[in-house]
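Trainee: Here it is, the structure, as structure tokens.
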Amino acid sequence: MEYLSGLVFNGSVFTEGHVGIENGIITDVGDGRPPERPVAEGVITKGLVNAHTHSADGLLAFTGTPGLEELVTPPNGMKHVYLKNAPDDELILSMRSFTDIMFRTGTTGFIDFREGGRKGVNLMRISSPAGNGMILGRLTEKYDTNELDSILDAADGIGLSSISDIGTNELDAIADHVHKRKKVFALHVSERIREDIGKVISLSPSFVVHMVHASDNDMRMCADNDIKIVSCPRSNIFFGNIPPIDRMIDSGADVAIGTDNAMLCTPDIRAEANVFNDILEKRGYDISHTIRSLLVNSRKVLYNDDITEIKKGMNADIAVFRSSGKGEETIVHGNTETAAVIFGRTAYINDRK
């Protein structure tokens with residue numbers, strides 16, 4: 001058995017304790033120091049979740065500060081032209097690098113909006129070395145039932161760009177098709193302009209991403225309909241927008257955190273949480289809101305539950321961060337090395353794999 005020791009997050013607070021793991025299973029959770037020398041020490045949590053990624057565009061090089069529409073709007077945005085023309089081995093390299101960085105920085109779960117149809121989904125499947133990835137595919141052309149079924153055979157669902165990019169009839173058909181297949185349906189909302197939240201609600205998404213230009217009522221409608229909001233502050237700031245995270249929280253919605261495009265931001269979700277927290281601090285909110293978004297709400301988006309307590313009998317899904325003081329401060333502000341990440345039988349402990 002291998003032991004971890006330090007401040008253990010029990011779902012609401014951090015307490016001194018230890019965790020024992022054997023053959024990929026948590027076999028011991030207790031107070032105080034472990035009975036044997038631990039292989040890693042620090043702040044111990046369930047593996048982090050990156051609730052919104054685009055992992056394949058990390059090798060796209062561009063100069064200056066292109067606008068949102070110029071860079072990412074389909075079908076002619078720079079990103080989409082790049083993804084269409086890049087060779088498979090380059091895309092796989094980008095995705096493998098992206099997921100490896102996530103794992104080594106404590107992220108064991110992520111949700112990727114995967115462009116490129118069925119092929120894009122398949123490339124993502126072979127590129128993720130460890131952890132639990134939800135892959136949401138996207139049609140390559142207009143709505144086509146055969147292509148959508150093919151994507152849904154390989155993907156966990158569909159992640160659309162926005163309602164502004166797709167006709168109303170096509171939107172309804174895609175959403176209905178996905179729901180009938182009992183798969184996840186999600187989309188970007190109000191990233192560039194405010195969009196019709198009534199139309200968004202009618203599509204019954206599991207979650208929406210961005211909501212930068214949404215009104216307070218738009219956010220309340222998400223909360224009332226149990227639609228989670230994923231905020232990606234670093235990419236929003238790149239395009240000149242500070243996301244209204246305080247208003248999202250005040251609406252009652254579950255607010256999670258994602259790192260968005262690989263070409264814009266590193267996939268270190270703690271770095272994203274640091275910026276998320278800085279925005280909230282400037283508006284008078286304490287760190288507890290960031291901790292909830294990072295450790296609880298992001299797991300809700302991926303796993304549809306809020307089980308964040310580490311318990312005996314669970315499959316190992318653990319991250320250990322070198323302590324720089326209190327648990328909350330370490331998670332949000334610590335730029336120190338990850339001490340260990342364990343997902344099942346896959347482990348990264350210091351420099352040992």
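Trainee: In the chain, what percent of the accessible surface is made up of carbon and sulfur (1.4 Å probe, ligands and nucleic acids excluded)?
Mentor: 46
Trainee: Sort 203-215, 271-283, 140-152, 255-267 by packing, meaning the average of other beta carbons within 10 Å per residue, with the highest value first.
Mentor: Highest-to-lowest ranking by the protection proxy: 255-267, 203-215, 271-283, 140-152.
Trainee: By per-residue mean of other Cβ atoms within 10 Å, what is the highest-first order of 66-73, 165-172, 339-346?
Mentor: Packing order, densest peptide first, comes out as 339-346, 66-73, 165-172.
Trainee: With unit charges on the beta carbons (Lys and Arg positive, Asp and Glu negative) and the dipole taken about the Cα centre of the chain, which residue among I310, T27, L60 sits farthest to the positive side?
Mentor: T27
Trainee: With a 1.4 Å probe and all protein chains kept in place, how do S231, S288 rank by accessible area, largest first?
Mentor: Result, largest first: S288, S231.
Trainee: Okay, next question. Among S127, V13, I349, pick out the residue whose Cα is farthest towards the positive end of the charge dipole of the chain, where Lys and Arg carry +1 and Asp and Glu carry -1 on C-beta, about the Cα centre.
Mentor: I349
Trainee: Can I ask one more? Please name whichever of S288, I229, S298 sits farthest to the positive end of the charge dipole of the stretch 217-327, dipole taken about the Cα centre and charges placed at Cβ: Lys and Arg +1, Asp and Glu -1.
Mentor: S288
Trainee: I193: net charge of surrounding residues, Cβ under 14 Å, Lys/Arg +1, Asp/Glu -1, itself excluded?
Mentor: Around I193, the surrounding residues sum to -3.
Trainee: How tilted is helix 269-281 with respect to the longest principal axis of the chain? Cα atoms for both, answer in degrees (0 to 90, nearest 10).
Mentor: It works out to around 80 degrees.
Trainee: Length gain on complete extension for the stretch S288 to E69, per 0.36 nm per residue less the alpha carbon to alpha carbon distance?
Mentor: Contour length minus Cα-Cα distance gives 75.4 nm.
Trainee: Filter K46/K228; K119/K180; K182/K228; K180/K300; K183/K311 down to the pairs with a C-alpha to C-alpha distance above 25 Å, please.
Mentor: K183/K311
Trainee: Quick one: accessible area per residue over the chain, 1.4 Å probe, rounded to a whole number of Å²?
Mentor: With the other protein chains kept in place, the chain gives 41 Å² per residue.
Trainee: Let me spell out the model: positive unit charges on the Cβ of Lys and Arg, negative unit charges on the Cβ of Asp and Glu, origin at the Cα centre of the stretch 175-287. What dipole size does that give, in debye rounded to 20?
Mentor: Using Cβ point charges on Lys, Arg, Asp and Glu, the stretch 175-287 gives about 440 debye.
Trainee: Would you kindly derive the ³J(HN,Hα) couplings of the stretch 223-237 from the backbone phi angles with the Karplus curve 6.51 cos²θ - 1.76 cosθ + 1.60 (θ = phi - 60°), listing them in order in whole Hz, with x for Gly and Pro?
Mentor: Values, residue by residue: 4, 5, 9, 6, 9, 6, 10, 9, 9, 10, x, 5, 6, 4, 5 Hz.
Trainee: While we're on this one: Using only Cα atoms and rounding to the nearest 10 degrees, what angle (0 to 90) does helix 168-180 make with the longest principal axis of the chain?
Mentor: For 168-180 against the chain, the angle is about 40 degrees.
Trainee: Could you state the number of Å between the C-alpha centres of the stretch 193-233 and the stretch 259-305?
Mentor: 17
The values are calculated or read from the model by the stated rules, or taken from the named source; none is laboratory data. Keep in mind it's a predicted model, so treat the numbers as computed, not measured. Quick reminder, even Gly has a Cβ in these numbers, built from the backbone with ideal geometry, and neighbours come from all protein chains shown. Please note that ligands, DNA and RNA were not included when accessible areas were found on the heavy atoms of the full protein model with its side chains. Shrake-Rupley method; radii C 1.70, N 1.55, O 1.52, S 1.80 Å.
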